[in-house]
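The values are calculated or read from the model by the stated rules, or taken from the named source; none is laboratory data. Keep in mind it's a predicted model, so treat the numbers as computed, not measured. FYI the Cβ positions are ideal-geometry reconstructions off the backbone, even for glycines, and counts take in every protein chain you see.
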Amino acid sequence: MNKKHFQTEMENIDFPKMEADTAIDKGIQRARDQKGKERKKNYKLISTVSSTAAASFLAAGLVFSPVSNVLADVPVIGSIYEKYGLNIGENLWKGNLVTEINESTSNKGVDITISNAYYDGNVIGVAFKANGKALSLDNLGGNKGPEIGYSYHLFNGDEQNQWSSGATGITETEEGYVGTMEFYNPKADLSDIESLPLTFTSILGKEGNWQFDVPIEQIPAVERDVEGQVVWGDYTLELEKLVKGKATTMLSYHTALPASGKHDNIQLTITDNLGNRLSKHHADTISAEENGDSVMKNIRELFGSKVEGDASKLIIQPEIRQYEQDTTASIDQTLPFEIESERFSYFIRVTNTQVKDGQLVVDYALGNVDDQKLAQDIIDNFANYIMLIKTDDIQTGKNGETDPNQMINHQIRSVKTELINKESLQFHSSFPVDAALTMSDYSLIVPFGTLSSNQPIKMDPIEINLEERE
């Protein structure tokens, strides 16, 4: 298959972007809201579970099964990295830095072979192939098995011990059915691992047990301490360590956020002096402590590209992304009424509510929004994700805040949302409702954080001189 044909096939795949955005946003929010046990000195340990966002994404059914057919003629297992756009694996493969393993396990008439693996930065990649007469791409998804074609777990399978991961679909080749996975080591001490216990529990509709202890050898990297700090109001970014891998770059840093913005984050864009931009991969919060005034986080961020050898400088551009929890308010109020953001100046002014033909119709206008700074599609997305919920289904946590984790399955999305007046940002939304219930039984959930997070605040850039002695 040539690249032109591959690109054409990829462009024809119908990707549910809006649903993906929602699943990811909910997963990220759920991860942010996970809290650990209390430490001494009244500090609170906040641990983020990075697999949560991925789990929500997969739970939404957002998989790419068409790719299995598009890539059905991949000739060798190594080229699957390129075909699936796995830059880290592709670059390490081309540099002969992937470790050949070729260890096999047989069960239920199916042989699974771990072909090769790599460990660069905090990314562990594994490529495998499966062979067996009972295997067929016809057994993808539905009632026959996972959409990606296989299921697996690390260690003993306990959910608490799983690492966040990414996996390609199954591809049929002359060598067998091929797939790859990436796991992201969350440990602070990345070097403290020599093998990865991996178990497959199903593949292409065939259930079984295929256990491996995948040998792992971390690719040597260049590590150096770095200095640099920037402050904007109550927000601080301080650099700590730079690790230059063969196909990755890792940056460790500390952030301080105001307690009122404990769900905010500081996002980094890194370019070198030659104009090359490091591709973002993922960030792990190694630890976080909250006191009455601020939240301090230790973060390790992985970039899926290396620092070029002829680069002499890295320019780090930080941006503050401010969030707030969704605002919930009853619609059983005297018209017109306003629902206000609890943290920012945004509000919606509800001018009409009525139940008609099994639907609750709500007319409202968005206020205090600068449409010169926010693109119309972001404003439309905000309106599309105003949700309805039965008031009795609103759940609160110990701190009195609403608990979005307990409310996700009770949210009612509009069947139709229309922009009535672009100048005044007036919208008309219709929600399906129970005919036996009344207006007093429902509340609106308004995601003002969608607006604030899309108006980033630029901090001053920080430069790292790469020509200093390492």
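Using the structure shown, decide if Gln317 is polar (S, T, N, Q), at pLDDT 95 or above and either more than 19 Å from the chain's Cα centre (by Cα) or outside the structural domain of Asn91 (by TED's automatic domain parsing) (or both). Spell out how you get there, then give the answer.
Working: polar (S, T, N, Q): yes; at pLDDT 95 or above: yes; either more than 19 Å from the chain's Cα centre (by Cα) or outside the structural domain of Asn91 (by TED's automatic domain parsing) (or both): yes.
Yes, satisfied.
Just so you know, in segment 373-387 the residues that are of a type in the set (A, V, I, L, M) and farther than 13 Å from Phe431 by Cβ include one that is surrounded by the most Cβ atoms within 10 Å (Cβ to Cβ), and it is Ile379.
Name the residue that is farthest from Ala117 (Cα to Cα), counting only residues in segment 145-197 that are among the polar types (S, T, N, Q) and free of Cβ contacts under 8 Å to residues at least 60 places away in the same chain. Steps first, please.
Taking segment 145-197 as the starting set, the residues that turn out to be among the polar types (S, T, N, Q) are 151, 156, 160-162, 164-165, 168, 171, 173, 180, 185, 191, 195.
From the residues that got through so far, the ones that are free of Cβ contacts under 8 Å to residues at least 60 places away in the same chain too are 151, 156, 160-161, 191, 195.
Details: Ser151: 18, Asn156: 20, Gln160: 24, Asn161: 21, Ser191: 16, Ser195: 11 Å.
Only one residue fits best here, namely Gln160.
Restricting the first member to segment 361-372 and to residues that are farther than 13 Å from Thr417 by Cα and assigned by TED's automatic domain parsing to the domain that holds Pro432, and the second to residues that are of a type in the set (Val, Ile, Thr) and surrounded by 18 or more Cβ atoms within 10 Å (Cβ to Cβ), the beta-carbon pairs closer than 6 Å and six or more apart or on different chains are Leu366/Ile348. Of all the listed residues (Ile124, Ile114), the sole one being touching a residue at least 24 places away in the same chain (Cβ under 8 Å), β-branched (Val, Ile, Thr) and within 15 Å of Val178 (Cα to Cα) is Ile114. Only a single item in (1) small (Gly, Ala, Ser); (2) over 23 Å from Gln162 (Cα atoms); (3) crowded, with 17+ Cβ neighbours inside 10 Å is not met by Ser106, and it is number (3).
Would you confirm whether or not segment 211-219 contains a residue that is under 30 Å from Ala288 (Cβ atoms), among the hydrophobic types (A, V, I, L, M, F, W, C), in contact with a helix residue (DSSP H, G or I) (Cβ under 8 Å, 6 or more places away or on another chain) and surrounded by 13 or more Cβ atoms within 10 Å (Cβ to Cβ)? For segment 211-219, residues under 30 Å from Ala288 (Cβ atoms), among the hydrophobic types (A, V, I, L, M, F, W, C), in contact with a helix residue (DSSP H, G or I) (Cβ under 8 Å, 6 or more places away or on another chain) and surrounded by 13 or more Cβ atoms within 10 Å (Cβ to Cβ): present.
Applying the condition of being part of a helix (DSSP H, G or I) and touching a strand residue (DSSP E or B) at 6+ places or on another chain (Cβ under 9 Å) to segment 92-103 and asking which residue is surrounded by the most Cβ atoms within 10 Å (Cβ to Cβ) yields Leu92.
Taken together, the residues in segment 376-387 that are part of a loop (DSSP other than H, G, I, E, B) and without any contact (Cβ under 8 Å) to a residue 24 or more places away in the chain amount to 0.
Of everything in segment 388-402 that is touching an Asp or Glu at 6+ places or on another chain (Cβ under 8 Å) and in contact (Cβ under 8 Å) with a residue 12 or more places away in the chain, the residue that is surrounded by the most Cβ atoms within 10 Å (Cβ to Cβ) is Thr402.
Where residues in segment 403-425 are of a type in the set (Ser, Thr, Tyr) and assigned to a loop (DSSP other than H, G, I, E, B), which of them is surrounded by the most Cβ atoms within 10 Å (Cβ to Cβ)? Filtering segment 403-425 for residues that are of a type in the set (Ser, Thr, Tyr) and assigned to a loop (DSSP other than H, G, I, E, B), the one surrounded by the most Cβ atoms within 10 Å (Cβ to Cβ) comes out as Ser414. Within segment 143-185, the set of residues being at pLDDT 90 or above, crowded, with 16+ Cβ neighbours inside 10 Å and on the phi > 0 side of the Ramachandran plot comprises Gly149, Gly176.
Tell me whether segment 407-421 contains one or more residues that are of a type in the set (Ser, Thr, Tyr), touching a Pro at 6+ places or on another chain (Cβ under 7 Å) and more than 19 Å from Phe337 (Cα to Cα). No, that holds for no residue.
Gly208 fulfils the conditions (1) surrounded by fewer than 22 Cβ atoms within 10 Å (Cβ to Cβ); (2) under 21 Å from Val98 (Cα atoms) except for a single criterion, (2). Residues in segment 124-137: is at least one of a type in the set (A, V, I, L, M, F, W, C), assigned to a helix (DSSP H, G or I) and surrounded by fewer than 21 Cβ atoms within 10 Å (Cβ to Cβ)? Yes, the conditions are met somewhere in segment 124-137.
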